[in-house]
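Presented below is the structure to which this report refers.
The values are calculated or read from the model by the stated rules, or taken from the named source; none is laboratory data. Small disclaimer: the values here were computed from a predicted structure and weren't measured. Cβ sites come from the backbone with ideal geometry, for glycine too, and all protein chains shown count toward neighbours. When the accessible area is computed, the model is the full protein with side chains, heavy atoms only, and any ligands, DNA or RNA have been set aside. Shrake-Rupley method; radii C 1.70, N 1.55, O 1.52, S 1.80 Å.
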Amino acid sequence: MSPRLTNAALGAAGLAGFLALGEAVPRLGLVSEDYFPPTSRIAKALGAELGDRAFWSALGDTLTGWAIGLAIAVGAGIVAGVVVSVVPYLRRATASTVEFLRPIPSVALIPLAVLLYGTELRSVLLLVVYASFWQVLVQVLYGVQDVDPVAEETARSYGLGTWARVRHVLWPTALPYVMTGVRLAAAVALILAVTAELVIGAPGLGARIAVAQTSQAVPDMYALVVVTGLLGLLINVGARTVERRALVWHQSVRGEVAV
């Protein structure tokens, strides 16, 4: 059996064991079924959710906030990172501001988002963009710092302009860092999108989880949590696929494929 099939089989066995444990623990009375229903009840609730049109509408709202927020954060993070990196004075002038703003948790901005935009999509976008932006910006700054100074000087000696140096020297070096930042930002964006919906009440899966919790529909609540977990898994797999395609020339990806 190939290593890939072996890993897939082990992964499937681990998942089956986890689901069996989730079925056995409440059945054996170790925890109350009222608060932790068996896997079979959660699966039944999940099936009912999939047949509900409102579920798909909520899923669409969550994915819309995630995709728009991530696109804005990635675009702004790349542009800001490159501009700040190629202008030394700008890098020094913004370093302390970046270090001050970056650690602020996005959830601390929820009151501001509600004051500015209420429970609209824009509140979700504010939180998603703020959290995801730093993931991309920091990776771009590290990527630009990693540019070989000899290659940079060689490009200058050949008379390449600023844009040409960015395109042919800076960008190929920074791209692996950028893709790492995008992958991290994609996961963070989903977390903030669901959190914003859960706390603010903006339309989406988070708001639907909150409604299920307050109405004591516990199996439905767990089913929706499972959906958010599956979304995170799919997003991570998609981001890794895009990363591999974008960095097919890079030694790290070539080594990963070989393994």
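Just the accessible area per residue of the chain, please: how many Å² with a 1.4 Å probe? Before the final figure, lay out each step's value.
Values: 14740 Å² over 259 residues.
Value for the chain: 57 Å² per residue.
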Can you list which of the DSSP-assigned H helices in the chain have a Cα extent of 15 Å or more along the long axis and an average Kyte-Doolittle score of at least -0.5?
3-27, 39-50, 53-86, 88-101, 121-145, 171-200, 218-246
5 Å binning of all Cα-Cα separations within the chain, expressed as whole percents from 0 upward
1, 6, 10, 13, 13, 13, 12, 11, 8, 6, 4, 2, 1, 0, 0, 0
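By how many nm would the segment from Leu90 to Leu10 grow when fully extended, if each residue of separation counts as 0.36 nm and the alpha-carbon distance is taken off? Please list the in-between numbers first.
Values: separation 80, 0.36 × 80 = 28.80 nm, distance 5.03 nm.
That works out to 23.8 nm of additional length.
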When the chain is treated as a GNM, springs tying every alpha-carbon pair under 10 Å, which of Ala20, Ala239, Ala80 comes out with the largest mean-square fluctuation?
Ala20
Please give the direction-averaged projected area of the C-alpha convex hull for region 135-226, in square nanometres with one decimal.
7.6 nm²
Report the net charge of residues surrounding Asp220, where surrounding means a beta-carbon distance below 11 angstrom and charges are Lys +1, Arg +1, Asp -1, Glu -1.
+1
Can you tell me the Rg and the Dmax, both Å, for the Cα atoms in region 205-252?
16.8, 53
Taking the Cα centre of the chain as origin, work out the dipole magnitude from +1 charges on Lys and Arg Cβ and -1 charges on Asp and Glu Cβ, in debye rounded to 20.
560 debye
If I histogram all Cα-Cα distances within region 34-180 using bins 5 Å wide from 0, what percent of pairs lands in each bin?
2, 8, 13, 14, 13, 11, 11, 9, 6, 5, 4, 2, 1, 0, 0
Carbon-plus-sulfur fraction of the accessible area of region 1-149, 1.4 Å probe, in percent?
70 percent
